[in-house]
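Some notes on the structure that comes next.
The values are calculated or read from the model by the stated rules, or taken from the named source; none is laboratory data. Predicted model, so just to flag it, every value in this text is computed and none were measured. Don't worry about glycine lacking a Cβ; one is built from the backbone with ideal geometry, like all the others, and counts go over all protein chains shown. Keep in mind that these areas ignore ligands, DNA and RNA; they rest on the heavy atoms of the full protein, side chains included. Shrake-Rupley method; radii C 1.70, N 1.55, O 1.52, S 1.80 Å.
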Amino acid sequence: ARIVSLQTTNIVGSGIVPRFEETSLRGLWERWEDECDSQGMLDIYGMQEAAVRAWWESGESFIRLRPRRIEDGLSVPLQLELLESDMVPLIDTINPDNKNKIIQGVEFNGIGKRVAYWFHRVHPNDGLIGAVSSASLATLVRIEAENVVHLFEQLRPGQVRGFPPLATVLQRIQQLSDMDENLLEKQKQSALFTAFFIGPSPETAGTN
């Protein structure tokens, strides 16, 4: 947790703030930054932090662009929906409508371009839907790629999904944790041992 917090702070800091030459654009941004979250929980800087934190924990995060109607009364008719990696299932199949390949939940067209992402309608761990079969898309919704920001670090050519940065050291961290627990248990067991000196009683000392 400490590593994730430090890395998130190093990347985002107090928030990545754009600079505008026009005062009107700056004022528009300042009004929208408090309205940007579709769930109404975070401002734009809180969403930056949450997105980077999810990336470090899971290897990726998704931001869905949610266009709004003018009558919704927002400063800018656009909101952002932050989604964690579990919302895109790791399925490999074919889109029956256009024959595009779906690899790890990401749809590619005939020339290998990302054209869509397949999302759960609700979080798969909410208990509202069953397990998703690779042969069925009935419980998923298709979102055009132009409306999705996929935050992950591409480490190799052709990489489709993110890889958690901490995955390579998790085993080492677990071994260090096990060693600490074993040393603590050793000290606790050592404290239970008491030495006794057995010798003649004072009344019989010096007698045969």
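Some values worked out for this structure:
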| quantity | calculated |
| --- | --- |
| Aspartates and glutamates whose Cα lies under 19 Å from that of residue 101, excluding same-chain neighbours fewer than 8 positions away | 92, 144, 146 |
| Relative contact order, percent, the chain [alpha-carbon distance under 8 Å, six or more residues apart] | 17 percent |
| Efficiency of FRET between residue 172 and residue 125 - r from beta-carbon atoms, R0 35 angstrom, step 0.05 | 0.80 |
| Under the span-like rule (Cα at least 18 Å along the axis, Kyte-Doolittle mean at least -1.0), DSSP H helices of the chain | 44-58 |
| Share of pairwise Cα separations in region 70-119, more than 13 Å, in percent | 64 percent |
| Under 15 Å, Cβ to Cβ, from residue 165 - net charge with Lys/Arg +1 and Asp/Glu -1 | +2 |
| Hull shadow area, averaged, region 44-85 [alpha-carbon convex hull, nm²] | 3.0 nm² |
| Rule-of-thumb Rg ratio for the chain [Cα; 2.2 N^0.38 Å; N residues] | 1.69 |
| Loop-exposed trypsin sites (Lys or Arg not before Pro) per DSSP, neighbour cap 14 Cβ within 10 angstrom, longest uninterrupted part of the chain | 122-208 |
| Exposed-loop-free span, longest in the chain, where GluC sites (Glu not before Pro) count as exposed if DSSP calls them loop and at most 12 other C-beta atoms lie within 10 Å | 23-152 |
| For the chain, accessible area per residue (1.4 Å probe, heavy atoms of protein chains only), Å² | 69 Å² |
| Solvent-accessible ranking of 17, 141, largest area first, probe 1.4 Å | 17, 141 |
| Alpha-carbon spread of region 1-72, three principal axes, descending order, Å | 41, 27, 16 |
